[in-house]
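These notes concern the structure reproduced below.
No value in this document is a laboratory result; all are computed from the given coordinates. On a predicted model such as this, the values are computed, not experimentally measured, just so you know. Don't worry about glycine lacking a Cβ; one is built from the backbone with ideal geometry, like all the others, and counts go over all protein chains shown.
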């Protein structure tokens, strides 16, 4: 039998794209919005259900588990390598209300209220900006930033990384709603750099940079590269916006304050459901005048909800503890990836890991690995992956892992051992 093992060098030689599976229509098992899959929003890969009974037909072959069976299997696990979210939505809303009562907080009206505005100021101060505006979604926040820059400069071209959320996961909202045009800067294989902006043949009104790059397993520019990117945009008078959906997880890599990381950006968006664990919501930060205009655009987008306080409370009651836990998660991710990558049949990207997120590449089929995942869940009570996406390399699949509180009941060695049992399906 041919040896199926392969080295990282061999894998990198096979492809220069290490592409996320969402680029292959109809073959993705990622969340529809490109975010981390959760029990609230995502069916497991290949869940088509068991065919309905038919008295005149032969007994159906056993099929994949139903969504409810999948949820039950996951809930029975004591640990999870990928990020998960709670499925007890009713209890979550009760916790939010009880927390607000203990804090003696009152709600807002269209975002106007002491509690909401105090949280906006907290995030603005933390990131080193004059002001902030809470937004129902990150998509809304980022579209507003790019629209403001386009109107101010009369240049509707936005420079982005090829894997940008704007390009892959927003149904062309930048173009349809705001008549913006994106220009891919740099290759898929690395984060966006200053040289990509400098060499752009197109005049750019703004550049949107994701920190870290999700589809590269959480890769980041070095500190020197990041500072050069800021200087280049400033010298070329190009507005620099940060897609900071996972900015919180980047701080340990740079070893600097959030304000220092954000300094030099004209605006930053951060998420409150990714890593923080809130039920939704985002924040857009920038100068006082920029945020004043952003509030007008939030209204135009239909984002002026009558009460924003429940969304804000869901983030605020978790925020400090979530940020305090991140350095420990990153430390564990380094240990876990070293254990997993020690098996020559597995490739981890990036290596060494830079945040608490990473991608793992395996030879085989998504269906076989999904079946083995369920077996591991039943036997070891460890949830080792959500989905397995086909990459652009024939016979190679990928999955995304992110160390979080889901691993608090298991050691790194046992987590790696459970994950590597997937190879029994190869």
Between the alpha-carbon centers of the range 111-127 and the range 328-377, tell me the distance in whole angstrom. 38
In terms of the alpha carbon gyration tensor, root eigenvalues a ≥ b ≥ c, rounded if a/c is under 1.5 and otherwise prolate when a/b exceeds b/c or oblate, the range 333-426 is oblate
Please compute the modelled spin-label separation between residue 151 and residue 365, points set 7 Å along Cα→Cβ, answer in nm with one decimal. 5.3
Cα-based Rg of the range 198-254 per 2.2 N^0.38 Å, rounded to two decimals? 1.18
With label points set 7 Å from each Cα along the Cα-to-Cβ direction at residue 392 and residue 237, the distance between them in nm comes to 3.6
What ranking of 404, 257, 153, 106 emerges when the number of other C-beta atoms within 10 Å of each C-beta is taken as an exposure proxy, fewest first? 106, 257, 153, 404
Quick one: order 297, 386 by neighbouring beta-carbon count within 10 Å, fewest to most. 297, 386
The extension gain from residue 167 to residue 189, computed as 0.36 nm times the residue separation minus the Cα-Cα distance, is 6.3 nm
Per residue, how big is the convex hull of the range 202-319 when only Cα atoms are used? Give it in Å³. 137
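May I ask you to compute the full-extension gain from residue 351 to residue 125, defined as 0.36 nm times their residue separation minus their alpha-carbon distance, rounded to one decimal in nm? Spell out each step's value before the answer.
Values: separation 226, 0.36 × 226 = 81.36 nm, distance 3.32 nm.
Extending this stretch completely gives an extra 78.0 nm.
Please list 143-149, 371-377 highest first by mean number of surrounding beta-carbon atoms within 10 Å per residue. Mind showing how you got there, number by number?
Details: 143-149: 24.4, 371-377: 19.1.
Result, highest mean first: 143-149, 371-377.
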Can you figure out the FRET efficiency of residue 110 with residue 300, using R₀ = 22 Å and their beta-carbon distance, to the nearest 0.05? 0.95
Ratio of alpha-carbon Rg to the 2.2 N^0.38 Å globular estimate for the range 107-307, to two decimals, please. 0.96
I want to check the label-to-label distance for residue 260 and residue 78. Put each point 7 Å from Cα in the C-beta direction and report it in nm to one decimal. 4.1
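Multiplying the sequence separation of residue 92 and residue 177 by 0.36 nm and subtracting their Cα-Cα distance, what value in nm do you get? Please report the intermediate quantities before stating the final value.
On the way: separation 85, 0.36 × 85 = 30.60 nm, distance 3.39 nm.
Taking 0.36 nm per residue and subtracting the Cα distance, the gain is 27.2 nm.
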Please figure out what share of the DSSP beta bridges in the range 107-307 is antiparallel and state it in percent, rounded to the nearest 5. 40
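If R0 is 35 Å, what FRET efficiency do you get for residue 99 and residue 68 from their C-beta distance, rounded to 0.05? Numbers along the way, then the final one.
Numbers: r = 30 Å, r/R0 = 0.85.
Efficiency, rounded to the nearest 0.05: 0.75.
Output the peptides 394-402, 410-418 sorted from most to least packed, where packing is the average of other Cβ atoms within 10 Å over each peptide's residues. Present the calculation step by step, with values, prior to reporting the outcome.
Numbers: 394-402: 21.4, 410-418: 18.2.
With the highest mean Cβ count within 10 Å placed first, the list reads 394-402, 410-418.
Taking the Cβ of each residue in 261, 326 as the centre, tally the other Cβ atoms inside 10 Å and list the residues starting with the fewest. All intermediate terms of the calculation are to be shown ahead of the outcome.
Numbers: 261 24, 326 20.
Lowest to highest Cβ neighbour count: 326, 261.
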What translational D, rounded to a whole number of µm²/s, comes out for the range 107-219 from Stokes-Einstein when the hydrodynamic radius is the Kirkwood one over Cα pairs, at 4 °C and 1.567 mPa s? 83
